[in-house]
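Each reported figure results from applying straightforward, stated rules to the coordinates on display, with no laboratory input. Remember, it's a predicted structure, so these values are computed and weren't measured experimentally. Quick reminder, even Gly has a Cβ in these numbers, built from the backbone with ideal geometry, and neighbours come from all protein chains shown.
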Amino acid sequence: MTTEVSSLPLPVEFDVEYPERSSRLLIFVKWLLIIPHIIVLYALNIVAGLLTFIAWFGILFTGRYPRGMFSFVVGYYRWTYNISAYLYLLRDEYPPFSLEGGRYPVTFEVEYPERLSRLLIFVKWLLVIPNVIVLYFVMIVWMVTTFIAWFAILFSGRYPKGLFDFAVGTLRWMARVNAYVLLLRDEYPPFSLR
């Protein structure tokens, strides 16, 4: 599996391999087929939230995110982004029920930080507000382009490359914001789709 990796040297990597063809029929039922994943992810979301809460204290007292918890939370978000790629028409292969990377043509990796700021954990939610506001408007545009892509796939069997790149870029931005807010990294997420 080859994927295009962002040229920015950021510790959060996200990409989706571009498919040459997309199923015209799956676009009608993906939302239904994904229900078993949603049920499992709902339960895993509770666990990931609890681990993030515990990790907050770990960072406060030690300056480190406990590695096992970090791996689980990254795996949970990897699974979530696999589901997003499937649901938002970026891939047709049914996603695996897995926290592991390399099993789906979506890349989501977060470099483990050796040290995290003990002070930032108190204000990350506040510092990220401008980024979230801009991302909110980008996501509105993304929803419109996904609607357009749905019809493009219906009539041509292809996701237009420019719209695909925009969708992947939006998810990449979202992944970096989530990694920041969820205490996985201290680097402020760039206002960028790349």
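Report yes if Leu116 is surrounded by fewer than 17 Cβ atoms within 10 Å (Cβ to Cβ), more than 30 Å from Ile27 (Cβ to Cβ), over 19 Å from the mean Cα position of the chain (by Cα) and aliphatic (A, V, I, L, M), otherwise no. When the stated conditions are applied, Leu116 does not pass them. Taking the numbered list (1) buried (at least 16 other Cβ atoms within 10 Å of the Cβ); (2) in contact with a helix residue (DSSP H, G or I) (Cβ under 7 Å, 6 or more places away or on another chain); (3) part of a helix (DSSP H, G or I) in turn, Leu99 passes all entries but (3). Residues that are of a type in the set (Phe, Trp, Tyr) and farther than 12 Å from Pro11 by Cβ within segment 172-187 comprise just one, Trp173.
Sub-7 Å Cβ pairs linking a first residue in segment 138-153 that is touching a residue at least 24 places away in the same chain (Cβ under 8 Å) and surrounded by fewer than 18 Cβ atoms within 10 Å (Cβ to Cβ) to a second residue that is assigned to a helix (DSSP H, G or I) and among the polar types (S, T, N, Q), at least 6 apart or interchain, are Val138/Thr170; Met139/Thr170, ordered by first then second residue.
Got at least one residue in segment 53-64 being touching a Gly at 6+ places or on another chain (Cβ under 8 Å) and either surrounded by 15 or more Cβ atoms within 10 Å (Cβ to Cβ) or in contact (Cβ under 8 Å) with a residue 40 or more places away in the chain (or both)? Yes, segment 53-64 contains at least one residue that is touching a Gly at 6+ places or on another chain (Cβ under 8 Å) and either surrounded by 15 or more Cβ atoms within 10 Å (Cβ to Cβ) or in contact (Cβ under 8 Å) with a residue 40 or more places away in the chain (or both). Residue-level check: of (1) of a type in the set (A, V, I, L, M, F, W, C); (2) closer than 30 Å to Phe147 by Cα; (3) assigned to a helix (DSSP H, G or I), Leu89 misses just (3).
Does Asn131 satisfy being closer than 22 Å to Phe166 by Cβ and out of contact with any helix residue (DSSP H, G or I) (no Cβ under 7 Å at 6 or more places or on another chain)? No; evaluated as a whole, the condition is false for this residue.
In segment 90-99, is there at least one residue being charged (D, E, K, R), farther than 20 Å from Ile34 by Cα and in contact with a Pro (Cβ under 9 Å, 6 or more places away or on another chain)? No, because not a single residue in segment 90-99 is charged (D, E, K, R), farther than 20 Å from Ile34 by Cα and in contact with a Pro (Cβ under 9 Å, 6 or more places away or on another chain).
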